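Have a look at the structure below before the remarks.
The values are calculated or read from the model by the stated rules, or taken from the named source; none is laboratory data. For clarity, every value in this text was computed on a predicted model and none was experimentally measured. Every residue, glycine as well, gets a Cβ built from its backbone with ideal geometry; the counts of neighbours run over all protein chains shown.
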Amino acid sequence: MLVKRRAFLKGFVGLAGLTAISSLFEQRLLAQSNLVEGIAVDMPLRERAAKSGLIYGAATGWEQLHDSPFAAQFAKECGILVPESELKWLAVRPKPDAFNFTGPDWLMQFAISNNMLFRGHTLVWHEALPAWFQSTVNSSNAEATLKKHISTVVGHYAGKMHSWDVVNEVILPWNNQPDGLRNSPWLKLLGPGYIDLAFREAAKADPKALLVLNQDRIENDTAADDQCRAATLALLQRLKSSGTPVHALGIESHLGLDAGIFNAEKFKSFLRDVASLGLKIMITELDVTDQDLPADISTRDSIIAGKYEEFLSVVIEEPSVIAVLTWGLSDKYSWLADERPRTDGTPVRSLPLDMNLQRKLAWTALAQAFDKVAAGPAPPQDLRVL
Ligand code: G3I
């Protein structure tokens, strides 16, 4: 069944075929999920993940969590919260000498009140920089500005953070920079050493937090992603060999559905290479773009869930993977609705819950992945406990 489902991902079979698969997919997944001893069919994702030694959660924001029905589902399903925007420079640093922690403090309190972990995103990125940045930061004050940002923001949450995305999307080989680095404002201002500097400052400010290099474009079987994986691995090797305190790789995992885009063996081997550096791995921003899928909802849901299952079946086999986060919990709040809207204008269906906060096949695929780990042999060593 699994092989059949993957086959249609390569080139969509007719609508009738997909509809048949979607109902069979749903029956099979639901049947399997209650086959695992002691796991009730409706057990929330956070509990299923915990049973497998993993952490499940999602990105969200202050505004979203003031939608009470959504907040209730978030608290029910998620064991970790990452602010989608509230800890980016644009939100947290309105002026060079002013920090605004109101939003992230409220989100951290929500997490604590709901017995969730809290993670930070992101300390160094080329996007979401405040308007004053370009006119204020220059090569003579950039190091002090970055150090002040990290020590203040990480220091503010010291001891309370599960992990930080210290640097975000730093690899972009076709920028033709050393180490395949993105030609970001930070590289221009400080050179490649800005990455080491960021990790060292974060480790100083919070020795307890897991420090993550978060990267996109490393999931697929394309020439571009091959280049990004190679450059990411080389960078991690360099950081580790120079004693820079990087602890984990974050794999964003914004997945697409182009035919033949995923190679399980290649991705498995990449995860193994990262793990062999002594690093943990987090799936940090998982979702599936459904821009060009057929309009039929059960077909779309089945194809999307099949993609979740295909990807997660590789991820959960790697013992160094410690967490899976989706970039949003419900289609009601997905960046994809704005950035990658469906060509037919209907709401995207990329996340575990739909617009009405109902669980979908994508939720079932996540549940099944966690159940499979819970039912399987214990990982060779207890890599999943931080
Ligand atoms: O908060 C303002 C609001 O006051 C204003 O009225 C509105 C007008 O457009 O903009 C709001 O800010 C938006 C912000 O999200 C908060 O909603 C920004 O315009 C918008 O650009 C920003 O987009 C976010 C984007 O990162 C840039 O920060 C997306 O929501 C967020 O999903 C996306 O997330 C990124 C990760 O950080 C890194 N990996 C890729 C991922 C997707 O792009």
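List of remarks:
- Which numbered condition Gln177 misses (of (1) farther than 30 Å from Ile304 by Cα; (2) polar (S, T, N, Q); (3) in contact (Cβ under 8 Å) with a residue 24 or more places away in the chain): (3)
- Exactly one residue among Val167, Val212 is hydrophobic (A, V, I, L, M, F, W, C), within 30 Å of Asn100 (Cα to Cα) and touching a Gly at 6+ places or on another chain (Cβ under 8 Å), and that residue is Val212.
- Scanning segment 157-171 for residues that are more than 13 Å from the ligand (Cβ to nearest atom), surrounded by 18 or more Cβ atoms within 10 Å (Cβ to Cβ) and assigned to a loop (DSSP other than H, G, I, E, B) yields Tyr157, Met161, His162.
- If you go through segment 65-103 and pick out every residue that is over 15 Å from Leu129 (Cα atoms), part of a helix (DSSP H, G or I) and among the β-branched types (Val, Ile, Thr), you end up with 1.
- Note on segment 288-386: enclosed helices (runs of 4 or more DSSP H) holding 1 or more residues that are surrounded by 19 or more Cβ atoms within 10 Å (Cβ to Cβ) and acidic (Asp, Glu) are 297-315, 361-375.
- Among the residues of segment 43-64, those that are of a type outside the set (Phe, Trp, Tyr) and in a loop (DSSP other than H, G, I, E, B) comprise Met43, Pro44, Ser52, Gly53, Leu54, Gly61, Glu63.
- Single match in Ser241, Ser269 (criterion: within 29 Å of Leu351 (Cβ to Cβ) and among the hydroxyl-bearing types (Ser, Thr, Tyr)): Ser269
- Verdict on Glu86 being surrounded by 22 or more Cβ atoms within 10 Å (Cβ to Cβ) and under 27 Å from Leu312 (Cα atoms): no
- Residue tally, condition under 18 Å from Thr289 (Cβ atoms), surrounded by fewer than 17 Cβ atoms within 10 Å (Cβ to Cβ) and touching a Leu at 6+ places or on another chain (Cβ under 9 Å), over segment 220-260: 2
Residue-wise test of (1) within 12 Å of the ligand (Cβ to nearest atom); (2) free of Cβ contacts under 8 Å to residues at least 40 places away in the same chain; (3) in contact with a helix residue (DSSP H, G or I) (Cβ under 8 Å, 6 or more places away or on another chain); (4) under 20 Å from Tyr333 (Cβ atoms).
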residue: Gln73; (1), (2), (3), (4): no, no, no, yes
residue: Cys78; (1), (2), (3), (4): no, no, yes, yes
residue: Leu81; (1), (2), (3), (4): no, yes, yes, yes
residue: Glu84; (1), (2), (3), (4): yes, no, yes, yes
residue: Leu87; (1), (2), (3), (4): yes, no, yes, yes
residue: Ala91; (1), (2), (3), (4): yes, yes, yes, yes
residue: Asp97; (1), (2), (3), (4): no, yes, no, no
residue: Pro104; (1), (2), (3), (4): no, no, yes, yes
residue: Leu107; (1), (2), (3), (4): no, no, yes, yes
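- For segment 109-156, the tally of residues that are assigned to a loop (DSSP other than H, G, I, E, B), surrounded by 13 or more Cβ atoms within 10 Å (Cβ to Cβ) and within 16 Å of the ligand (Cβ to nearest atom) stands at 5.
- Among the residues making up segment 66-83, those that are buried (at least 20 other Cβ atoms within 10 Å of the Cβ) and of a type in the set (A, V, I, L, M) are Ile80, Leu81, Val82.
- Within segment 317-338, the set of residues being under 15 Å from Thr364 (Cβ atoms) and among the aliphatic types (A, V, I, L, M) comprises Val324, Leu329.
- Single residue of segment 38-58 satisfying the filter (more than 9 Å from Ala367 (Cβ to Cβ) and of a type in the set (Lys, Arg)) that is modelled with the lowest pLDDT: Lys51
- Failed item in (1) modelled with pLDDT under 95; (2) touching a Lys or Arg at 6+ places or on another chain (Cβ under 7 Å); (3) of a type in the set (A, V, I, L, M, F, W, C), with Val373 passing the rest: (2)
- For Ile261, the criteria (1) among the β-branched types (Val, Ile, Thr); (2) touching a His at 6+ places or on another chain (Cβ under 8 Å); (3) modelled with pLDDT under 95 hold in every case but one, which is (2).
- Search result, residues across segment 332-357 that are more than 14 Å from the ligand (Cβ to nearest atom) and farther than 19 Å from Lys307 by Cα: Thr343, Asp344, Gly345, Thr346, Met355, Asn356, Leu357
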